[in-house]
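Every number in this text was worked out from the coordinates using simple rules, so none of it is lab data. All values derive from a computational prediction rather than experimental measurement. We place every Cβ from the backbone using ideal geometry, glycine too, and count neighbours over all the protein chains shown.
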Ligand SMILES: [Zn+2]
Ligand SMILES: [Zn+2]
């Protein structure tokens, strides 16, 4: 039961975080783009080390769906819910370790590739090109997330006004 609860925290948390936080941030807001995609500093630094309040707020908002899933599963198995949160946090650190030079061994790459789990090399793709590699932990959220982004892109917040338009 604990194993199942931990798994559901990760699957449901990543679903909520991807579709209700990450994709909307990429479409309509600036917080995540200013912090998580700030190319002036290393992403290991802004994902793991920094205590900058804006960065922490982005992390907290992205973590809320995981916390909600853990609260929901608490009565099923609180140890599993906590284990899910702990694994999620470990995965945050690990998926940003590409910045430190992490290279996944081939066996791990093959296993996680089959299971659809995001490797540091995959998440590095999201930092290189923020229009790709959605899904914090599971890669199967990438395709629907990009489809949603494409469908909603006419509503995207404009970064700069088009020529001749006053805002
Ligand atoms: Zn990242
Ligand atoms: Zn992003």
| task | Stick to Cα atoms and the Kirkwood definition of Rh, then tell me Rg/Rh for the chain. | result | 1.00
| query | Once both labels are modelled 7 Å past Cα along the beta-carbon direction, what's the residue 103-residue 60 spacing in nm? | reply | 4.0 nm
| message | Could you tell me the center-to-center distance, by alpha carbons, between the range 79-144 and the range 1-72 in angstrom? | response | 13 Å
| Under Stokes-Einstein, with the Kirkwood radius over Cα pairs standing in for Rh, what whole-number D in µm²/s applies to the range 21-104 at 20 °C and 1.002 mPa s? | 152 µm²/s
| task | Using just the helices of the chain, give the 222 nm mean residue ellipticity in deg cm²/dmol: DSSP H runs with n ≥ 4 each add -39,500 (n - 2.57), and the total is spread over all residues, rounded to 500. | result | -18000 deg cm²/dmol
| task | Could I have the simple spin-label model distance between residue 110 and residue 152, label points 7 Å from Cα toward Cβ, reported in nm to one decimal? | result | 3.9 nm
